[in-house]
2 protein chains.
Amino acid sequence: MEIITVEQKILKKNDEIATELRKKFDEANVLVINMVSSPGSGKTSIIERTLKIISPALSVGVIEGDIQTSLDAERIAQFNIPVAQIITNGTCHLEARMIEQAVNQLPLKDLDVLFIENVGNLVCPSSYYLGEHARVVIMSVTEGEDKPLKYPAMFSKSCVLLMNKIDLLPHIIFDIAKAKKFALKINPDLKIYETSCYDNTGIMQWCDWITNELKLRRCNSPS
Amino acid sequence: MEIITVEQKILKKNDEIATELRKKFDEANVLVINMVSSPGSGKTSIIERTLKIISPALSVGVIEGDIQTSLDAERIAQFNIPVAQIITNGTCHLEARMIEQAVNQLPLKDLDVLFIENVGNLVCPSSYYLGEHARVVIMSVTEGEDKPLKYPAMFSKSCVLLMNKIDLLPHIIFDIAKAKKFALKINPDLKIYETSCYDNTGIMQWCDWITNELKLRRCNSPS
């Protein structure tokens, strides 16, 4: 009982900070995308490929969330864009209070798009809203078709699914139609793109989604 | 402060139950192996391939941990061995109290080996001791070389690393020597096997590790 209360308090406090963050993001007119997945599904590689296409036409920033190491932030820093590193020191997800500190290191008002690369974990990050406009889940085809059914919270709270590493399809047993059916069973509104960071399949379509989303938000923006 | 105290209390209580479980496992003379990994690294497939080799010569039971669905337990049940399913309903790891309930459904005294397939999560299960004799971490080569550095707790608390899906090496950019170096940097005592569930590479060697471990424990057992 005590545990549940503490957990609820943590999530309530997190949501309050996230709601404030969302206001800040909207005021800065920046589209914020929270990238979530299992470890090694290709979040950093997808961000790298995306930057190659949308930057510098769009001004992009990245917040890198890791339990340990700044390896991913170092990869992204090579693009000469603003990057903030969060090292969670064992915490298995990013929380709004961590983002609050990280955004202070970024020129938020100069950005068009801000990617938040969450900790590689298909479970816990699903409970923590970070004030983002869109949550994007990445699933590698090497992980098997059943992942949406086994980790439903992450798929139900995302608006885009990047089915990644599809260049490996000829070498594995993976029924992509079945995987999509499972994902849409959990979330019928999920927009699905098949992607590969090896041959860039689907990366342009995914980038089009980002630029469209940005246009839509700016059209609807009161400012 | 309050949160930390509650967390410490939970972990302390977990360790107490796990220590009792360990006594129970030792009394039953059963080798208990806790299988941990990211989602989709191949835990269930490894168990399936292992069962084909070591069962029925050895009597094996399996505890399947999942957040949702009993898909994995259904796969294992086809081997006609005792299987207990734990559905954690959102909890991102198995805890000793869950194992305590699950073992009551199993003929513990008749078993030689008990596999516990943990929730697919490279972070949280590392904090929860389940009374096991060995923790085995599975890492798919598709996840990238840096996983041991980025998720060090799991690798430092495991005694075996199965580097899985190595049949995919010709199709990906993955430096296996580098990955092993990173794993051994985190844990110099880690025993590493390269495995594939497609062509059975390394499965026999991994099964030899199990049978040797079983012999060693029974030799050293006071009973």
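Of the conditions (1) closer than 19 Å to A:L71 by Cα; (2) at the interface with another protein chain (Cβ under 10 Å from one of its Cβ atoms); (3) touching a residue at least 24 places away in the same chain (Cβ under 8 Å); (4) among the basic types (K, R), B:K165 fails just one. Which one is it?
Going through the list (1) closer than 19 Å to A:L71 by Cα; (2) at the interface with another protein chain (Cβ under 10 Å from one of its Cβ atoms); (3) touching a residue at least 24 places away in the same chain (Cβ under 8 Å); (4) among the basic types (K, R), B:K165 breaks only (1).
I want to confirm something. Restricting to segment A:146-160 and keeping residues that are under 17 Å from A:I116 (Cβ atoms) and of a type in the set (A, V, I, L, M, F, W, C), which single residue is nearest to the other protein chains (Cβ to nearest Cβ)?
A:M154
Check A:D66 against each of (1) over 22 Å from A:Y151 (Cβ atoms); (2) surrounded by 19 or more Cβ atoms within 10 Å (Cβ to Cβ) and name the one condition it does not meet.
(1)
Can B:L21 be described as in contact with a Phe, Trp or Tyr (Cβ under 6 Å, 6 or more places away or on another chain) and either of a type outside the set (K, R) or under 30 Å from A:F155 (Cβ atoms) (or both)?
Taking the combined requirement at face value, the residue does not satisfy it.
Kindly indicate whether B:R49 is crowded, with 19+ Cβ neighbours inside 10 Å and of a type in the set (K, R).
yes
Restricting the search to segment B:18-75, which residues are closer than 17 Å to B:G202 by Cβ, hydrophobic (A, V, I, L, M, F, W, C) and not in a helix (DSSP H, G or I)?
Those that are closer than 17 Å to B:G202 by Cβ, hydrophobic (A, V, I, L, M, F, W, C) and not in a helix (DSSP H, G or I): B:I33, B:M35.
Return yes when B:K178 is of a type in the set (K, R) and buried (at least 19 other Cβ atoms within 10 Å of the Cβ) and no when it is not.
Criteria not met by B:K178.
Among the residues of segment B:172-221, what is the count of those that are over 30 Å from A:S196 (Cα atoms), in contact with a strand residue (DSSP E or B) (Cβ under 8 Å, 6 or more places away or on another chain) and among the acidic types (D, E)?
So the answer is 1.
Specify the residue that is surrounded by the fewest Cβ atoms within 10 Å (Cβ to Cβ); the eligible residues are those in segment A:85-102 that are in a loop (DSSP other than H, G, I, E, B) and out of contact with any strand residue (DSSP E or B) (no Cβ under 7 Å at 6 or more places or on another chain).
In this case the residue turns out to be A:N89.
With the requirement that a residue be among the aliphatic types (A, V, I, L, M) and more than 16 Å from B:L111 (Cα to Cα), what does segment B:43-52 give you?
B:I46
Within segment B:127-145, track down each residue that is of a type outside the set (S, T, N, Q) and facing chain A (nearest Cβ under 10 Å).
Once the filter is applied, which keeps residues that are of a type outside the set (S, T, N, Q) and facing chain A (nearest Cβ under 10 Å), segment B:127-145 yields B:M139, B:V141, B:E143, B:G144, B:E145.
Residue by residue, here is whether (1) crowded, with 24+ Cβ neighbours inside 10 Å; (2) out of contact with any Leu (no Cβ under 9 Å at 6 or more places or on another chain) holds:
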position	(1), (2)
B:N104	no, yes
B:L111	no, no
B:V123	yes, yes
B:S126	no, yes
B:M139	yes, no
B:D146	no, no
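Count, please, the residues in segment A:141-168 that happen to be touching a strand residue (DSSP E or B) at 6+ places or on another chain (Cβ under 9 Å) and within 18 Å of B:I166 (Cβ to Cβ).
Counting residues in segment A:141-168 that are touching a strand residue (DSSP E or B) at 6+ places or on another chain (Cβ under 9 Å) and within 18 Å of B:I166 (Cβ to Cβ) gives 5.
Name the residue that is nearest to A:S140 (Cα to Cα), counting only residues in segment A:33-89 that are touching a Cys at 6+ places or on another chain (Cβ under 7 Å) and away from chain B (no Cβ under 12 Å).
Step by step, filter segment A:33-89, then rank; the result is A:I46.
Any read-out appearing in this document is the output of simple, stated calculations on the displayed coordinates, not a laboratory observation. For clarity, every value in this text was computed on a predicted model and none was experimentally measured. Cβ coordinates were reconstructed from backbone atoms using ideal geometry, including for glycine residues, and neighbour counts include every protein chain displayed.
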